[in-house]
Amino acid sequence: MKKVGIIASYKKEDIDIINRVAFEYVSAVESVWWIPYIIPCNVKNIESYIKDMDLFIFPGGADIDPFLYHEENTWSRSIVSSNDAFLLKFLWEIIKSNKKILWICKWMQLINVFFNWTLIQDIENAKQHDQYERQNE
């Protein structure tokens, strides 16, 4: 059976900072008889997680800090710079390991930042993107 590392998203709620993974990711991994492992978004020993997993799922998350792609913030929301730095470090270790990755949403943007490409902070006609009530679709 394959071990699938699912990187949790950083989320600030009231006074707590939580690691968050949607149930659908876990269910999808289990539906193919693989074993899901939720990896907190602030672990210290990244290498041990990478060594133990067969592949990774990188779900979505908050906007990436525009400073990381050499821009001023004109529209990005819910930025967590320290988490973005952690994610870039985790990404580098995964790339070095040559393991398979499923990129979703924020992670497709993060790979652009990693390779020093650019991002558009806001697409005016994409306001409907945050459709939490329909995210299971």
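Only the coordinates and a few stated rules stand behind these numbers; no lab work does. All values reported here derive from a predicted model rather than from experimental measurement. We place every Cβ from the backbone using ideal geometry, glycine too, and count neighbours over all the protein chains shown.
Among all the lysines, which ones have a C-alpha under 21 Å from K44's C-alpha, if same-chain residues fewer than 8 places away are not counted?
K3, K11, K12, K89, K96, K99
Name the chymotrypsin sites (Phe, Trp or Tyr not before Pro) in the stretch 23-127 that are in a loop by DSSP and that have at most 10 other C-beta atoms within 10 Å, would you?
Those satisfying the criteria are W33, F115, W117.
I'd like the FRET efficiency for S82 and L55, computed as 1/(1 + (r/R0)^6) with the beta carbon distance as r and R0 of 35 Å, rounded to 0.05. List each step's numbers first, then the result.
On the way: r = 26 Å, r/R0 = 0.74.
Here the calculated transfer efficiency is 0.85.
Given 10 °C and 1.306 mPa s, compute D for the chain with the Stokes-Einstein relation, Rh being the Kirkwood radius over Cα pairs; round to the nearest whole µm²/s.
Values: Rh = 15.9 Å.
D = 100 µm²/s.
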